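To start, the structure under review is shown below, and the notes come after it.
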Amino acid sequence: VIRSYVHVGDLIALALAELRRLPSGAFARFDTAGEIELEVGALATRVAAVLGASHLQVHRPPVAAEPIDRYVGDGAEMAIRMEANGFAARDVDAQIRDTAAFLSSGRP
């Protein structure tokens, strides 16, 4: 299972910036994709490392080689629009830390 992740704050900021920037009635269409693609087992290991729990082992059943479960957008247009609006996307480690902080906060 291969995915790519974008910080929800980056996506919302970009969408709002595009709404302000584009002429009335125009729209922006873009796929979302983060800076890297991660297999979910590798993501779990990375989460443990970023959160200071590298001693925890990630146990997964064997992964079949085929079919490859890859669901990743083409982030080229999003990157162009981010740059045009003066944004820099947060990396996966920042996304992990922010997600952990949100989940730990107990907020709904």
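The values are calculated or read from the model by the stated rules, or taken from the named source; none is laboratory data. From a predicted model like this one, the values you see are computed outputs, not experimental measurements. Cβ coordinates were reconstructed from backbone atoms using ideal geometry, including for glycine residues, and neighbour counts include every protein chain displayed. All accessible areas refer to the heavy atoms of the entire protein, side chains included, with ligands and DNA or RNA removed. Shrake-Rupley method; radii C 1.70, N 1.55, O 1.52, S 1.80 Å.
Things worth noting here:
- Residue list for region 1-31, restricted to those being open to solvent by 60 Å² or more (accessible area, probe 1.4 Å) and either touching a residue at least 24 places away in the same chain (Cβ under 8 Å) or of a type in the set (Asp, Glu) (or both): 5, 21, 29, 31
- Residue in region 81-102 that is at pLDDT below 90, among the charged types (D, E, K, R) and part of a loop (DSSP other than H, G, I, E, B) present: no
- Every pair of residues 6+ apart whose Cβ atoms lie under 8 Å, when the first sits in region 92-108 and is touching a residue at least 40 places away in the same chain (Cβ under 8 Å) while the second is part of a helix (DSSP H, G or I) and open to solvent by 70 Å² or more (accessible area, probe 1.4 Å): 92/46; 93/46; 96/46
- Conditions (1) basic (Lys, Arg); (2) surrounded by 12 or more Cβ atoms within 10 Å (Cβ to Cβ); (3) in contact with a strand residue (DSSP E or B) (Cβ under 7 Å, 6 or more places away or on another chain): number failed by residue 70: (2)
Quick grid of which residues meet (1) at pLDDT below 90; (2) assigned to a loop (DSSP other than H, G, I, E, B):
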| site | (1), (2) |
| --- | --- |
| 9 | no, no |
| 19 | yes, no |
| 23 | yes, yes |
| 42 | no, no |
| 53 | no, yes |
| 59 | yes, yes |
| 67 | yes, yes |
